[in-house]
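Read through the structure below, which is laid out as C-alpha cells, and then see the notes.
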Amino acid sequence: MTNILLIATLVMISLLYIFLLFMLVIGWRWIMKRAVKQAGKIIMTDSYQENLIELIPGFKHMGIQNALENNLRAETGDVLHRPFGSSKKWPHFEEITFIPAQTSPFPIDGEEDVDVKVTIGPKARKPMKIKIPLMISGMAYGIALSEQVKIALATAAKNTGTAINSGEGGILPEELESAGKYILQFSKTEWGKEEKTIKRADMIELKLGQGATLGMGGNISPENLTGRAREVMGLKENETAHIMEHFFEKQTLKDLKELVDELRKMSGGVPIGAKIGAGGKIEDDIDHLIEIGVDFIAVDGGQGASVGAPPLLADDFGIPTLHAITRASNHLEKRKKKGDISLIVSGGLFTPGHFLKVLALGADAVYLGSVMLFTVSHKQTLNALPFEPPTQAVWNQGKFKDVFKTEDGAKSAEKFLTASTEEIKMALRAMGKKSLKELSKKDLVSYDELTAKMIGIPFSFEPWEDKSKKA
C-alpha cells in the first residue's frame with residue numbers, strides 16, 4: 001500500500017511539473033505575442049515624428065558611425081580621437097591579380113627555396129639587411145602600446161629576422177634587448193634621442209608625418225599616460241607629454257638636411273630616412289626628401305592607422321595607399337633614384353596578398369601596424385570581450401594589459417609573420433620566380449579598367465601585352 005501511495009505521489013508531482021512547464025511555455029508565448037503585437041501596432045500607426053523607425057532613414061541618411069561620433073563630440077566638446085584610422089572605402093588592391101606561370105615559364109618546385117631577403121638603404125655605409133620584406137611599424141610604447149605587447153612584438157621580429165620600429169613613444173630598455181634589427185623613430189618629441197639609443201639603432205627614421213594624423217602633433221595628459229612609461233619618457237609628475245609639429249623653430253629643409261647628416265655621423269652610417277603621410281603633392285615631398293639626403297622613404301597611405309586620430313585628418317586628407325605606391329615608385333624611377341633610395345610602404349595592408357602587391361608595384365619592404373595588434377593579441381582579446389573592445393588587451397591604458405602574456409603574444413605574432421612569408425614564397429613560385437627581386441608590376445593585371453590604366457598594367461579582359469614597353 002505504501003509503495004502504491006509513493007508511486008501515485010511521484011506521478012502527481014511529475015504531472016504538476018509538466019502542467020507548470022506547459023503553462024510557462026504557453027504564458028511566455030502569450031507574453032511574446034502580446035509584446036510583438038503591441039510594438040508592431042505602434043510602429044505601423046505612429047507618425048514618423050513619434051516613431052522609433054525614424055532611426056532607419058536617419059541612420060541611412062547620416063550613417064550610424066557619423067551619428068555616434070557626432071554624439072561623442074556633443075558630449076565632450078573636445079577633438080574626437082578615433083583608433084585605427086579612416087573607416088571610409090578607399091581604392092585598394094582587390095582589383096589587382098597576379099599572373100601565374102603554367103606553360104612557360106613553369107612554376108617553381110615547392111621544395112625549392114625562394115629568396116625574400118631585403119636590404120634597406122643600399123647606399124648607406126651600414127645598410128640594414130632583413131630576412132623577410134615585412135617589418136613591424138612604429139607603434140608607440142606608453143602613448144599607445146603596453147610594455148608587454150612591445151616586448152612581444154620585438155621578440156617576434158627578432159625570431160623572424162626582421163626589424164621593429166620604436167614608434168614615437170618611450171624607448172623601452174627591454175624592447176631594445178629583445179629586438180634584433182631596431183629602427184629608431186626620431187620624432188618631434190623631447191624623449192627617444194639619447195646618444196646610446198642612436199648608436200644602437202640599425203636604421204633611423206625621421207617622423208615628418210603619417211597617414212592618419214599627417215604632420216600634426218598632440219598632447220597626452222597625465223591621466224592618459226600613466227605607469228612606467230612616464231619614467232621611461234622622462235616626464236615629471238603631472239607633466240603633459242607634448243608631440244610637436246616641428247623639429248626646429250622656423251624649420252627649413254636646410255635644418256632637416258643638417259639633422260640627417262648629424263644622425264648619419266652619430267650612428268656610424270646606418271640608413272637615415274623619413275616617414276611621410278601620402279598626400280596630393282607626393283612627388284614634391286619626395287623631391288624634398290631627396291634634397292635632404294635620405295637613404296629610404298617610408299610612405300604611409302591614407303588608410304594608415306593611429307591609436308587615436310581626429311576623423312577629419314584620417315578621412316579627409318591624404319591619398320590611397322594604392323595611388324601612393326604607384327606615384328612614389330614612378331617618381332623615384334623618374335629621378336633615377338630607384339634602387340638607391342629604398343621605398344617602404346604602409347597603410348591598410350592586412351593580408352599576404354596586399355603585401356606582395358605593394359612589393360610588385362615598387363616597394364622594397366612593407367610596414368605592418370594594425371594587423372600586428374590583432375595577431376599579437378590573438379586569443380588574448382578574449383580577456384576583454386564581450387564587454388570591452390579587444391584593444392583593451394594591448395593599450396598601455398588598457399584594462400587587461402596586466403594579464404597579457406608576453407610569451408604567448410610573441411609566438412602568435414611570429415607565427416603570423418612566418419605564415420605570411422611562406423604564402424609570399426608560394427605565390428612567387430606560382431609566378432615562376434626564385435627571388436623577390438624578380439617581381440615587378442609586369443606580373444600584375446587588373447579586372448578593373450580604370451585601375452589597370454592608372455597603374456600601367458594590362459586590363460584582364462584584353463589580350464596581355466607588356467605595358468612597360470609603351471611607357
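Some notes on this structure:
- Residue within the range 415-436 that is of a type in the set (Asp, Glu), in a helix (DSSP H, G or I) and within 23 Å of the chain's Cα centre (by Cα) present: yes
- Taking the criterion of being hydrophobic (A, V, I, L, M, F, W, C) and either in contact with an Asp or Glu (Cβ under 7 Å, 6 or more places away or on another chain) or assigned to a loop (DSSP other than H, G, I, E, B) (or both), the residues of the range 61-96 that qualify are Val79, Leu80, Phe84, Trp90, Phe93.
- Identity of the residue in the range 244-264, surrounded by 14 or more Cβ atoms within 10 Å (Cβ to Cβ) and among the basic types (Lys, Arg), that ends up farthest from Ile290 (Cα to Cα): Arg264
- Residue match in the range 15-27 (condition: of a type outside the set (S, T, N, Q) and modelled with pLDDT of 85 or more): no
Yes or no, residue by residue, for (1) on the phi < 0 side of the Ramachandran plot; (2) buried (at least 21 other Cβ atoms within 10 Å of the Cβ):
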residue	(1), (2)
Ala305	yes, yes
Asp316	yes, no
Gly339	no, no
Leu356	yes, yes
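- Taken across the range 97-113, residues that are at pLDDT 80 or above and part of a helix (DSSP H, G or I) do not occur at all.
- Those residues of the range 90-118 which are β-branched (Val, Ile, Thr) and either within 20 Å of Val358 (Cα to Cα) or buried (at least 22 other Cβ atoms within 10 Å of the Cβ) (or both), in sequence order: Ile96, Thr97, Ile99, Val114, Val116, Val118
- With respect to (1) of a type outside the set (Asp, Glu); (2) surrounded by fewer than 22 Cβ atoms within 10 Å (Cβ to Cβ); (3) within 22 Å of Lys357 (Cα to Cα); (4) at pLDDT 95 or above, the lone exception for Gly121 is condition (2).
Each row is one residue, and each column tells you yes or no for (1) under 26 Å from Ile325 (Cα atoms); (2) of a type outside the set (Val, Ile, Thr).
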{"site": "Glu388", "(1), (2)": "no, yes"}
{"site": "Gly398", "(1), (2)": "no, yes"}
{"site": "Lys401", "(1), (2)": "no, yes"}
{"site": "Glu407", "(1), (2)": "no, yes"}
{"site": "Thr421", "(1), (2)": "yes, no"}
{"site": "Arg429", "(1), (2)": "yes, yes"}
{"site": "Phe459", "(1), (2)": "yes, yes"}
{"site": "Trp464", "(1), (2)": "yes, yes"}
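- Flag for Gly280 being surrounded by fewer than 22 Cβ atoms within 10 Å (Cβ to Cβ), of a type in the set (Gly, Ala, Ser) and under 23 Å from the mean Cα position of the chain (by Cα): yes
- Any pair with Cβ under 7 angstrom, 6 or more apart, that starts in the range 89-109 at a residue that is in contact (Cβ under 8 Å) with a residue 12 or more places away in the chain and ends at one that is acidic (Asp, Glu): Glu95/Asp448; Phe98/Asp443; Ile99/Asp443
- Among (1) modelled with pLDDT of 80 or more; (2) within 32 Å of the chain's Cα centre (by Cα) - the single one Gly85 does not satisfy: (1)
- The set of residues in the range 203-243 that are out of contact with any helix residue (DSSP H, G or I) (no Cβ under 8 Å at 6 or more places or on another chain), of a type in the set (S, T, N, Q) and within 30 Å of Asp295 (Cα to Cα) contains only Gln210.
- The condition (being farther than 22 Å from Lys236 by Cα, surrounded by fewer than 21 Cβ atoms within 10 Å (Cβ to Cβ) and not hydrophobic (A, V, I, L, M, F, W, C)) is satisfied by just one residue among Gly215, Gly211: Gly215.
The values are calculated or read from the model by the stated rules, or taken from the named source; none is laboratory data. Model, not experiment: these values are computed from the prediction. Note that we place each Cβ from the backbone using ideal geometry, even for glycine, and neighbour counts take in every protein chain shown.
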